[in-house]
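Enquirer: What follows is a structure written as structure tokens; I'll ask about it next.
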Amino acid sequence: MSDIEAVLKTGEQTSESSGEAFELGEQTLQHGEKGLDRGKEALGARPPALEPDEREPAAGVGDPEEDEELDPEVRERRDRALAQVRKLGDPVLRAKALPVERFDAALAAEVQKMGVLMADALGIGLAATQIGVLHRVLVYRTDPEDPVVALVNPVLEWCSEETESAEEGCLSIPGARVDVERPARIAVRAQDVEGEWVRLSADGLEARVIQHELDHLEGVLILDRISREQRRQAMKAVRRALEEDA
Ligand SMILES: [Zn+2]
């Protein structure tokens, strides 16, 4: 059984004509096929790349710390994964993703690929738009011991009035670490890779990651959720990181 599995069950199945987004997805998948095989192994047998003690509780979403002490192999794998993630300035990050209508092997492969990329990049969440696929798909895993959760066509159904502020990074915005205020608890409805509707409630880091990735599907980035002054500060670090990257 795949490690990428549904959180819950029940619901209705949707399976209809393919849209433009699907074709986009397919294209991306073809390029990524090679990585996929390795991916299956990575999600299954291989121990998680991220050791618990390497995780910072406040590290939040996405962007891994630039850590010179990372195992060279882990670092190389991370860098290869990050190279496949679209970065700030890429217009696709500002695009609104389209609903998934076909729940087929191509979608399963896309989700699988996203899970592997996320893990290799040492991120805890990834939205399809971040790899240039305009699909309403996100994956996350707040604990390396847990299976990757994939949400297809996720909808935020409810969020608490109570908010929390915590530091977030983003695989698409290297160098940025900003405090983002978000609702503390949420309820989400989504489909799994087979099209089954699921409902889930989340709080803490899980609620934060899901909201961060939901934002991506709307073309919204963490830089949009902070003050102008914070953004100015963050952009300095981002420009440095992007220059180093180039
Ligand atoms: Zn992000």
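Please treat every number below as a calculation from the coordinates, not as lab data. Remember, it's a predicted structure, so these values are computed and weren't measured experimentally. Every residue, glycine as well, gets a Cβ built from its backbone with ideal geometry; the counts of neighbours run over all protein chains shown.
Enquirer: Short version: ³J(HN,Hα) in whole Hz for each residue of the range 100-117, in order, from phi by Karplus 6.51 cos²θ - 1.76 cosθ + 1.60 (θ = phi - 60°), x for Gly and Pro, what are they?
Expert: 3J(HN,Hα) across the range 100-117, in whole Hz: 7, 10, 10, 10, 10, 5, 5, 5, 4, 5, 5, 5, 4, 4, 4, x, 5, 4.
Enquirer: Suppose every Lys and Arg Cβ carries +1 and every Asp and Glu Cβ carries -1, with no other charges. What dipole size does the range 163-246 come out with about its Cα centre, to the nearest 20 debye?
Expert: Numbers: 13 positive and 18 negative charges, 90 e Å.
I would put it at about 440 debye.
Enquirer: What GluC sites (Glu not before Pro) does the range 110-164 have in DSSP loop regions with at most 13 other beta carbons within 10 Å? It would help to have the intermediate numbers written out before the result.
Expert: On the way: sites: Glu110, Glu145, Glu157, Glu161, Glu162, Glu164; in loops: Glu145, Glu161, Glu162.
Answer by residue number: Glu145, Glu161, Glu162.
Enquirer: Sticking with this structure for a sec: Roughly what % antiparallel, to the nearest 5, for the DSSP beta bridges in the range 168-221?
Expert: Details: 8 of 8 bridges.
About 100 percent, rounded to the nearest 5.
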